[in-house]
2 protein chains.
Amino acid sequence: MCFGCGPANTKGLRIKSRVEGEDLVADFRPEPHHQAFGGVLNGGIVGTLLDCHSNWTAAYALMKARGLDHPPATVTAEFTVKLRAPTPLDESLRLVARPSSVEGDKVTVEARIVASGKTTATCRGVFVAVKEGHPAFFRW
Amino acid sequence: MCFGCGPANTKGLRIKSRVEGEDLVADFRPEPHHQAFGGVLNGGIVGTLLDCHSNWTAAYALMKARGLDHPPATVTAEFTVKLRAPTPLDESLRLVARPSSVEGDKVTVEARIVASGKTTATCRGVFVAVKEGHPAFFRW
C-alpha cells in the first residue's frame, strides 16, 4: 500500500524496481497532477521516487550480503535530494540506484533520475534494516 | 497546480502555509493513500510537505528582505530529510519552518514536522530565486 511502491495503492506512484547488473532500475511515467508547474515534475515527487527506489536497493543489497531468500524490512533514516535541472513531466523517467556502502544494518545508496539521457536529480540516502518490534517490521 | 501546494490540484497535498511570528506554519491531515505502511506516513510525502513549505518560507524571506509586495519565484536546489520517528497517518500534522540564512538569491531553511507535540522529521533545504527566462519564472 506504500504511496511510492505499493502495487495495491491505486493513487500511489507504483514504482516497480528491478535488478539490472549492479544497479536497481525503474521506469516511471509521471501523471499531470505530479507537476510543480507546467511541464516540470514536483521536487517532492522526485524525492519520493528516489527514496522508495533507494530503499528497495538497500533491502536487496542486504539480502545479497546476508544470503537471504527475501529482502529484510528496511526504512529510510535520511535522504538528500539535489535538483540539478528541471525533471520533465511529459516523458518516461529512468531511476537508477546502487549501494555505495553496506555496514551492519545500514546501507547508503546513490540514486539518480535520468530523462532523455540527462541526469536531472541525484539522491544520497541512508536506509536501515529494522528488527522485530519496529513498526515497519514486515509491514510492507 | 503544484502537487505540494497548488490550491487547484485536486489530487495534490494542497499545503496552505501561513506566517506565525518568525515561522511559517501549516497544518496537514494525511489521506490513507499517503501511507508507507499501516498507520505511518510515506517518507516521500514527508519530504514533499517539508520541501514545498520550506520553498514558501524562502520566498517569503526574500520578499521581506527585498521589501517587495509579492514573493519572488523560488525553486528548490536541494533538501535533506531526516526521519527521526514514524510520522503518524491518522492525525493532523504541524509543519514549522524558518529561514536560517539569506544570501543574495539563496535562502537556507530549517523545517520540521510535529505530531502531537513530537518532532518526527526534520529538513534542511536550499532554495533559490530564479530570474526571467528560467522555466519556473512566475509559472506558479
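The values are calculated or read from the model by the stated rules, or taken from the named source; none is laboratory data. Worth saying up front: this structure is predicted, and the values here are computed from it rather than measured. Here the Cβ is made from the backbone with ideal geometry for all residues, glycine too, and neighbour counts use every protein chain on show. Please note that ligands, DNA and RNA were not included when accessible areas were found on the heavy atoms of the full protein model with its side chains. Shrake-Rupley method; radii C 1.70, N 1.55, O 1.52, S 1.80 Å.
Total accessible area buried between chains A and B, 1.4 Å probe, in Å² to the nearest 100? Let's see the in-between values first.
Working: alone 7660 and 7670 Å², together 12550 Å².
Roughly 2800 Å².
Measuring from a point 7 Å out along Cα→Cβ, what nm distances, shortest first, does A:P32 have to its partners in the other copies?
2.6
Return the calculated 222 nm mean residue ellipticity for the protein assembly as shown, to the nearest 500 deg cm²/dmol, obtained by summing -39500 (n - 2.57) across DSSP H runs with n ≥ 4 and dividing by the residue count.
On the way: 2 runs with 48 residues, N = 280.
Theoretical 222 nm ellipticity from helices: -6000 deg cm²/dmol.
Between A:E91, A:E110, A:E20, find the one with the highest GNM mean-square fluctuation for chain A; connect C-alpha pairs within less than 10 Å.
Result: A:E20 has the largest fluctuation of those listed.
Taking the Cα atoms only, what angle lies between the long axis of helix A:43-66 and the longest principal axis of chain A, rounded to 10 degrees?
30 degrees
At B:T119, with labels set 7 Å past Cα in the Cβ direction, how many nm apart are the copies from this one, shortest first?
List, nearest first: 3.1 nm.
How large is the charge dipole for chain B, taken about the Cα centre, if only the Cβ atoms of Lys, Arg (+1) and Asp, Glu (-1) carry charge, to the nearest 20 debye? Before the final figure, lay out each step's value.
On the way: 17 positive and 14 negative charges, 16 e Å.
Once rounded to the nearest 20, the dipole reads 80 debye.
Given an 8 Å cut-off on Cα distances and at least 6 residues of separation, report the relative contact order of the stretch A:1-79 as a percent. Before the final figure, lay out each step's value.
Working: 80 pairs, mean separation 15.6, N = 79.
Computed value for the stretch A:1-79: 20 percent relative contact order.
Just to make sure I understand: if all protein chains stay in place, what is the order of B:H134, B:H53, A:H70 by accessible area at 1.4 Å, largest first?
Details: B:H134 65, B:H53 0, A:H70 90 Å².
Solvent-accessible surface, decreasing: A:H70, B:H134, B:H53.
Working with all protein chains in place, sort A:K131, B:K82 by solvent-accessible area computed with a 1.4 Å probe, largest first. Kindly include the intermediate steps, with their values, before the conclusion.
Working: A:K131 130, B:K82 80 Å².
Ranked list, largest accessible area first: A:K131, B:K82.
What length, rounded to one decimal in nm, is gained on full extension from A:K16 through to A:E31, with 0.36 nm per residue of separation minus their alpha-carbon distance?
On the way: separation 15, 0.36 × 15 = 5.40 nm, distance 1.57 nm.
Between A:K16 and A:E31, full extension yields an extra 3.8 nm.
Over the alpha carbons of the protein assembly as shown, what is the largest minus smallest coordinate on each principal axis, giving the biggest first in Å?
61, 44, 33
Starting from the Cα of A:E132, move 7 Å in the Cα-to-Cβ direction to define the label point; list residues of the stretch A:57-86 whose amide nitrogen is under 19 Å from there.
Of the residues in the stretch A:57-86, A:68-75 have backbone N under 19 Å from the label point off A:E132.
Taking a label point 7 Å out from Cα toward Cβ, give me the nm distances from B:S100 to the same spot in the other copies, shortest first, one decimal.
Result, one decimal in nm: 2.0.
On average, how much accessible surface per residue is there in the stretch A:35-140, in Å², for a 1.4 Å probe, leaving out ligands, DNA and RNA? Don't skip to the answer; put the middle values down first.
Details: 4410 Å² over 106 residues.
Dividing the accessible area of the stretch A:35-140 by its residue count gives 42 Å².
Using alpha carbons only, how many angstrom separate the centre of the stretch A:110-140 from the centre of the stretch B:51-117?
One Cα centre to the other: 23 Å.
Buried by at least 50 Å² relative to the chain on its own: which residues of the stretch B:20-63 qualify, computing accessible area with a 1.4 Å probe on protein heavy atoms?
B:H33, B:Q35, B:F37, B:N42
Below 20 Å Cα-Cα, how many Lys pairs turn up in chain A? Only count pairs eight or more apart in sequence, or on different chains, if you could.
Values: A:K16/A:K64; A:K64/A:K106; A:K64/A:K131; A:K82/A:K118; A:K106/A:K131.
Close lysine pairs found across chain A: 5.
From other protein chains only, count the Cβ atoms within 10 Å of every residue's Cβ in A:70-83, then give the mean.
Counting Cβ atoms of other protein chains within 10 Å of each residue's Cβ and averaging gives 5.
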